[in-house]
1. Quick one: what pairs do we get from the stretch 42-60, first residue closer than 12 Å to T72 by Cα, second assigned to a helix (DSSP H, G or I) and open to solvent by less than 20 Å² (accessible area, probe 1.4 Å), C-beta under 8 Å, 6+ apart or different chains?
2. Just name the residue that is nearest to G77 (Cα to Cα) out of those in the stretch 1-25 that are open to solvent by 80 Å² or more (accessible area, probe 1.4 Å) and touching a residue at least 12 places away in the same chain (Cβ under 8 Å).
3. Quick check on the stretch 115-128. Is at least one of its residues farther than 18 Å from T39 by Cβ, out of contact with any helix residue (DSSP H, G or I) (no Cβ under 9 Å at 6 or more places or on another chain) and either at pLDDT 90 or above or not in a helix (DSSP H, G or I) (or both)?
4. Among the residues of the stretch 70-128, count how many are of a type in the set (D, E) and over 19 Å from V42 (Cα atoms).
5. What's the number of the only condition in (1) surrounded by 10 or more Cβ atoms within 10 Å (Cβ to Cβ); (2) basic (K, R); (3) over 30 Å from M3 (Cα atoms) that R124 fails to meet?
6. Confirm whether S86 is crowded, with 17+ Cβ neighbours inside 10 Å, among the hydroxyl-bearing types (S, T, Y) and on the phi < 0 side of the Ramachandran plot.
7. T80 is checked against (1) at pLDDT 85 or above; (2) surrounded by 17 or more Cβ atoms within 10 Å (Cβ to Cβ); (3) under 20 Å from G25 (Cα atoms) and fails just one. What number does that condition carry?
8. From the set of residues in the stretch 26-48 that are surrounded by 15 or more Cβ atoms within 10 Å (Cβ to Cβ) and polar (S, T, N, Q), which is nearest to E66 (Cα to Cα)?
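The values are calculated or read from the model by the stated rules, or taken from the named source; none is laboratory data. Remember, predicted model here, so these are calculated numbers, not experimental data. Counting neighbours? That spans all protein chains shown, and the Cβs are built from the backbone with ideal geometry, glycine included. Remember, those area values only see protein heavy atoms, side chains included, never the ligands or the DNA or RNA. Shrake-Rupley method; radii C 1.70, N 1.55, O 1.52, S 1.80 Å.
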Amino acid sequence: MPMKMIASIAVGGAAVAVARYAVMGVVGKWLGTGFPYATLAVNVAGCFVMGALVEIFALVWSASPEIRALLTVGFLGGFTTFSAFSLDIYLLFEHGRPGVAALYVAASVLLSVFAFFGGLYLFRHILP
């Protein structure tokens, strides 16, 4: 991968790390912490912006690969992985593979939750 592409992704990711923290803090204070409102808000906002960018790139802005990577992989990927997940699903549908898209959704959710609890269980029993 070219250094210019890596730098673009890194800049986007670094910039958004603070933004995510700030948004989650504000939403948590505004709506409370009894439900993961902050995570939900970040995921929904990131997916909305990813959808908007995909359409903008397709219709009106021929951005360089580095700018696209900065905004989608770096910025939105750092803000929420749900935006990248949603883009993957969109691309599978665009390529006429709705069954694969459904399998990807189910596998991603189930395997990720299973892996989370697996890591939790494993390290709960390994660490003192």
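1. From the stretch 42-60, the pairs are G46/L76; G46/S83; C47/S83; V49/L76; V49/S83; M50/L76; M50/S83; L53/L76.
2. Applying the filter and picking the extreme gives V11.
3. For the stretch 115-128, residues farther than 18 Å from T39 by Cβ, out of contact with any helix residue (DSSP H, G or I) (no Cβ under 9 Å at 6 or more places or on another chain) and either at pLDDT 90 or above or not in a helix (DSSP H, G or I) (or both): present.
4. Total satisfying the criteria: 1.
5. All conditions pass for R124, except number (1).
6. Yes, satisfied.
7. (1)
8. Within the stretch 26-48, the match that is nearest to E66 (Cα to Cα) is N43.
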